[in-house]
Amino acid sequence: MKVLVTGGAGYIGSHACKALAEAGHEPVAFDNLRTGHRWAVKWGPLVEGDICDTDAVRSAIEDHGVDAVMHFAALAYVGESVEKPNMYYRTNVGGLASVLDAMVQCGTRRIIFSSTCAVYGIPAVLPITEDQACAPINPYGHTKLMCEQMLADHARAHDIGAIALRYFNAAGADHEGEIGECHDPETHLIPLVLDAAKGTRPAITVLGDDYDTPDGTCVRDYIHVTDLAMAHVRALESCEPGRLERYNLGTGSGTSVMEIIEAVRAITGRDVPVTIGDRRPGDPPVLVADPARARQAFGFEAKHSDIKTLISTAWRWHNRETGGNFD
């Protein structure tokens, strides 16, 4: 298949492009390069454009004979969404509306959607299954849940096959070192801790140590970006017209912020200075997935998501990336 990958120059999108190419598909990256990177597009053409420009999306689909869409392009910072909610609604909800318009106009009938565990809010039961009620506690989660509803409505109205993949915390980097995580500003925990270990950041600020967790810090389910990318390919190949399916992507086990910091110290052999800050608005104490449904539906396995592999691949990439070896 030829697959339009919106956000294909970004962190997860670029890994998905590599996984698509390795599986025999042809990715077409569609990205405005505001947060994505030209150097991350290596497995197919790059179309520069904005997801809110329906004509640009439609032209990309038509010009490249696209069979399906993987939609990653979105704003994804919880704290920022609390401060600037309208920007998130315009980009995340409006952007998907634009992409769906283009798909309907072109007769493209498969879409894999990058969703999030933030749709659950504070879960009543752990680990989280897809059957739990969704009650987001921040605008980012609200926008993604709205997008899922849009996909369900379009599946019924236009016989589109849609799969929403609710992932937990993406981490790590490509094992061959070709691509990895590079955000500006960086807000994800592991690269921030690696910055502190390397000395390019004076310390890592732990956002709250008074949660109801074993060590008082937030617990998250970390999944390697390579596992996420392969799950998108498997989901695409199993996508059926006229319905929306929702799947969790995680490992089923949680790791606290302090456990990540200790693991970075052990793996890098370096000290990590720590300061304690206030809680971040909109952060649940614990988020851990039950990934059984994805395993049963399309054989999803988190093969690379042990903490040692996550941090080791991220550390190798981080040393290269901070060395300034990119255009």
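A few points about this structure:
- Mean accessible surface per residue for segment 169-327, computed with a 1.4 Å probe while every protein chain stays in place, in Å²: 44 Å²
- Between Pro185, Pro291, Pro123, the GNM of the chain built on Cα springs shorter than 10 angstrom shows Pro185 fluctuating the most.
- On the basis of the beta-carbon distance and an R0 of 25 Å, Glu237 and Trp39 show a calculated FRET efficiency of 0.35.
- Where a label projected 7 Å from the Cα of Ala266 along Cα→Cβ would reach, residues of segment 183-201 with amide N under 17 Å: 190, 194
- Linear extension gain, Asp212 paired with Asp53, 0.36 nm per residue minus alpha-carbon span: 52.8 nm
- For Asp131, Asp209, Asp283, the ranking by accessible surface with the largest value first comes to Asp131, Asp209, Asp283, using a 1.4 Å probe.
- Its alpha carbons give segment 1-133 an Rg and a Dmax of 15.4, 47 Å.
- Note on exposure: His188, His232 ranked by accessible area (1.4 Å probe, complete protein assembly) read His188, His232, with the most exposed listed first.
- Helix axis angle, 225-238 relative to the chain longest principal axis, alpha carbon, degrees: 20 degrees
- Choice from Lys18, Lys198, Lys144 showing the highest fluctuation, given a GNM over the chain with Cα pairs closer than 10 Å: Lys198
- Largest accessible area first, the residues Met146, Met258 order themselves as Met146, Met258 under a 1.4 Å probe with ligands, DNA and RNA left out.
- Difference of contour (0.36 nm per residue) and Cα-Cα distance, Asn86 to Ala23: 18.9 nm
- Between the C-alpha center of segment 33-91 and that of segment 1-24 there is a gap of 12 Å.
- Relative contact order (%) - the chain, alpha-carbon pairs under 8 angstrom, separation at least six: 19 percent
- Choice from Ala40, Ala289, Ala21 showing the highest fluctuation, given a GNM over the chain with Cα pairs closer than 10 Å: Ala21
- Cα→Cβ-extended label distance, 7 Å offset, between Arg156 and Ser253, nm: 4.1 nm
- Dimensions (Å) - the chain, Cα atoms, principal axes, largest first: 54, 45, 37
- Calculated FRET efficiency for the pair Leu126/Asp67, C-beta based, R₀ 41 Å, to 0.05: 0.60
- Of all DSSP-defined beta bridges confined to the chain, some 5% are antiparallel rather than parallel.
The values are calculated or read from the model by the stated rules, or taken from the named source; none is laboratory data. Keep in mind it's a predicted model, so treat the numbers as computed, not measured. When we count neighbours, we look across all protein chains shown, and the Cβ atoms used for this are built from the backbone with ideal geometry, even at glycine. Quick note on the areas: whole protein, heavy atoms, side chains included, nothing else; ligands and nucleic acids left out. Shrake-Rupley method; radii C 1.70, N 1.55, O 1.52, S 1.80 Å.
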